[in-house]
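The values are calculated or read from the model by the stated rules, or taken from the named source; none is laboratory data. Note that this is a predicted model, so its numbers are computed, not measured. All Cβ positions, glycine included, derive from the backbone under ideal geometry; neighbour counts span all protein chains shown.
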């Protein structure tokens, strides 16, 4: 049960490997009421179009340690399916924000702290994104 005072209207979809997702989800659930998780790219692409999720989807947090499709190709496909929904990309070793340029995408370097993750999520949800690289 969410603690009082947490946002109830917005769904955040977290797409990451199980280990990383556990830590990210724990940090996010302390502040946001509705965190959904997709275990891989295929599930995420399905979830963004599900009626229960699609209407309330406010942010997609993408960790890129995924089997199958990942990286810029995955983010491009997500943007094509839900262009209005901002994405927060947690990069891999050697990646930079330039790898993920485009509307509604914010990049965080690999392994952000819980504090950095929460600050980025808050910034995206409070302001929305137009073009961030």
Q: Return the residue satisfying two criteria in turn: it lies in the range 3-20 and is over 15 Å from residue 126 (Cα atoms) and buried (at least 20 other Cβ atoms within 10 Å of the Cβ), and of such residues it is modelled with the highest pLDDT.
A: 13
Q) If a residue has to be more than 22 Å from residue 25 (Cα to Cα) and loosely packed, with under 13 Cβ neighbours inside 10 Å to count, how many in the range 82-128 make the cut? A) 5
Q: Sort out for me the helices (runs of 4 or more DSSP H) sitting completely within the range 37-133 that have 2 or more residues that are at pLDDT 85 or above.
A: 41-47, 71-81, 114-127
